[in-house]
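The values are calculated or read from the model by the stated rules, or taken from the named source; none is laboratory data. Quick caveat, the model's predicted, so the values are computed rather than measured. Here the Cβ positions follow ideal geometry from the backbone for every residue, glycine too, while neighbour counts run over all protein chains shown. Accessible surface is based on the protein model in full, side chains and every heavy atom, while ligands, DNA and RNA are left aside. Shrake-Rupley method; radii C 1.70, N 1.55, O 1.52, S 1.80 Å.
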Amino acid sequence: KALGMLTQKGSSFTASMLRDLESGQRTEHEHILGDMLKRAARHEIAIPLLEMAYTNMQIRQRGQD
């Protein structure tokens, strides 16, 4: 149900991280993306797209500080 609300064309619902990012607020990317990166590293799983997303969020966050 949640996926449908977020992906429906014209939907006003968005992910909280996107809302925070767009409003210039601090995001929870470190807790969410950072944790997934740490878990993948422990299991030696390559996740290059997630690494790029995390890096992008780090850059954006530093630009807002």
What does the accessible area per residue of the range 22-65 come to in Å², with a 1.4 Å probe and no ligands, DNA or RNA counted?
80
Please compute the modelled spin-label separation between residue 51 and residue 31, points set 7 Å along Cα→Cβ, answer in nm with one decimal.
2.6
Tell me, what HN-Hα J-couplings in whole Hz come from the Karplus equation 6.51 cos²θ - 1.76 cosθ + 1.60 at θ = phi - 60° for each residue of the range 31-45, using x for Gly and Pro?
6, 8, 5, x, 5, 5, 4, 5, 5, 5, 4, 4, 9, 6, 9
For the chain, what is the relative contact order in percent, using Cα pairs closer than 8 Å and at least 6 residues apart in sequence?
23
Counting C-alpha atoms alone, how compact is the chain: give Rg to one decimal and Dmax as a whole number, in angstrom.
13.8, 39
Carbon/sulfur accessible area of the chain, % of total, 1.4 Å probe, equals 57
